[in-house]
Amino acid sequence: MSDTNISAMSALATTQEVSANNVANVSTEGFKASSVALESGPEGQGVNVAAIQQSTNAGPMVEGVEGSNTDVGTEMVDMMTTGHAFSANAAVIRTSEEMTGHLLNMSV
């Protein structure tokens, strides 16, 4: 079970990194936000990064210069959602480790 959760946490970390990069470049002229597409892992176990895709949508024009197309509101909600998913997977791993420890203590 832990391998499944670890693969999910790795994919979620990538998602968080991409969102953080988008927010960091919100003031960069012509910056195109990226997003992460996730997929099920081998045999339906875990989560993997399928692709990191750059948006083709134009940013707002300000004084004749294209701004970043990053939507900070969307990025913040995505980062909170990803953070909760990461925490949930960490809780599953922690609980699994605690249960294994209890089982080992019972057998000793």
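See the values below:
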item: Residue that is modelled with the lowest pLDDT [pool: residues in region 1-59 that are surrounded by 16 or more Cβ atoms within 10 Å (Cβ to Cβ), in a strand (DSSP E or B) and among the aliphatic types (A, V, I, L, M)]; result: 47
item: Region 57-75: number of residues that are under 16 Å from residue 34 (Cβ atoms) and aliphatic (A, V, I, L, M); result: 2
item: Residue ID - surrounded by the fewest Cβ atoms within 10 Å (Cβ to Cβ), chosen from residues in region 60-81 that are among the acidic types (Asp, Glu) and out of contact with any Gly (no Cβ under 6 Å at 6 or more places or on another chain); result: 63
item: Region 4-30: number of residues that are within 18 Å of residue 53 (Cβ to Cβ) and touching a helix residue (DSSP H, G or I) at 6+ places or on another chain (Cβ under 6 Å); result: 6
item: Test: residue in region 68-78 that is within 23 Å of residue 7 (Cβ to Cβ) and either out of contact with any Lys or Arg (no Cβ under 6 Å at 6 or more places or on another chain) or touching a residue at least 60 places away in the same chain (Cβ under 8 Å) (or both); result: yes
item: Filter pass, residue 85 being in contact (Cβ under 8 Å) with a residue 60 or more places away in the chain and of a type outside the set (Ser, Thr, Tyr); result: yes
item: Residue 66 being at pLDDT 95 or above and either acidic (Asp, Glu) or in contact with a Leu (Cβ under 7 Å, 6 or more places away or on another chain) (or both); result: no
item: Condition met for residue 69 (assigned to a helix (DSSP H, G or I) and not aliphatic (A, V, I, L, M)); result: no
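The values are calculated or read from the model by the stated rules, or taken from the named source; none is laboratory data. Everything numeric here is computed off the predicted structure, so don't read it as measured data. Glycine also receives a Cβ, built like all others from the backbone with ideal geometry; neighbour counts cover every protein chain displayed.
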